[in-house]
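Report on the structure given below.
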Amino acid sequence: MNAEPERSTMTKAERDDLARLVRRRAKLAQGDADRLAAEMLAEFELQVATDYHVDDDVVWAEAHAAAEQAVAEANARISERCRELGIRERFQPHISVGWWSRGEHAAKERVAELRRVAKSRLDANAKAAKVEIERQSLDVQTQLVAGGLESEEASVPGVDADGRAIDSRPDGARDRGRRSQHTKRAAQEGLEIKQLM
């Protein structure tokens, strides 16, 4: 039985195909970041637009009824004491109870403030996700390019043929401007293509 010899390196066409796939997946992932931010903003809008009625929940209705009963009993005591003190009924103080169908989202100013905070937080999270997606995409693309280079003249500065970092700095000094941040990260982190697939 003739076994096909294993190829240890990818062809340029295979690397190009993988690089295109990585870019397409990154674009899709960035779109997902936008979609998720939009969904979360819609969920926020739904929450701040919701009224909660006392009869929406059995426990709420029971608690409200108990509170009304307690207030009625307290008002009877207050009224009795007011009569003893000679305070006419129309001037008597009293306790009232009510059901507020909204919490802090009842005030328009507070809703506007909450909306600004939610929107800015979601925008910041989406931007951070997109940057991370792009960084990982570039790391993988850098590894694909570095893996296809064979001669020293064609190599990516600071990366050997296996994608590992080469420390050519004298006495550990910083090698400013000679290697891109993406190349160093790709070499140091050793990201694999399958992480993005």
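The values are calculated or read from the model by the stated rules, or taken from the named source; none is laboratory data. If you're wondering where the values come from, they're calculated on a predicted model, not measured in any experiment. Note that each Cβ is placed from the backbone with ideal geometry, even for glycine, and that neighbours are counted across all protein chains shown.
Some notes on this structure:
Quick grid of which residues meet (1) under 30 Å from residue 22 (Cβ atoms); (2) among the charged types (D, E, K, R); (3) touching a Gly at 6+ places or on another chain (Cβ under 8 Å):
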position: 62; (1), (2), (3): no, yes, no
position: 91; (1), (2), (3): no, no, no
position: 98; (1), (2), (3): no, no, no
position: 109; (1), (2), (3): no, yes, no
position: 116; (1), (2), (3): no, yes, no
position: 120; (1), (2), (3): no, no, no
position: 134; (1), (2), (3): yes, yes, no
position: 143; (1), (2), (3): yes, no, yes
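- Residue among 136, 143 that alone is closer than 30 Å to residue 13 by Cβ and modelled with pLDDT under 90: 143
- Test set (1) touching a helix residue (DSSP H, G or I) at 6+ places or on another chain (Cβ under 9 Å); (2) modelled with pLDDT under 50; (3) surrounded by fewer than 16 Cβ atoms within 10 Å (Cβ to Cβ) - residue 94 fails condition number: (2)
- Restricting 114, 149, 122 to residues that are modelled with pLDDT under 90 and at negative phi narrows the list to 149.
- Evaluation of residue 74 against (1) surrounded by 13 or more Cβ atoms within 10 Å (Cβ to Cβ); (2) over 25 Å from the mean Cα position of the chain (by Cα); (3) modelled with pLDDT under 95 (one fails), failing number: (3)
- Residues in the range 98-126 that are within 30 Å of residue 70 (Cβ to Cβ) and either within 23 Å of the chain's Cα centre (by Cα) or in a loop (DSSP other than H, G, I, E, B) (or both): 98, 99, 100, 101, 102, 103, 105, 107, 110.
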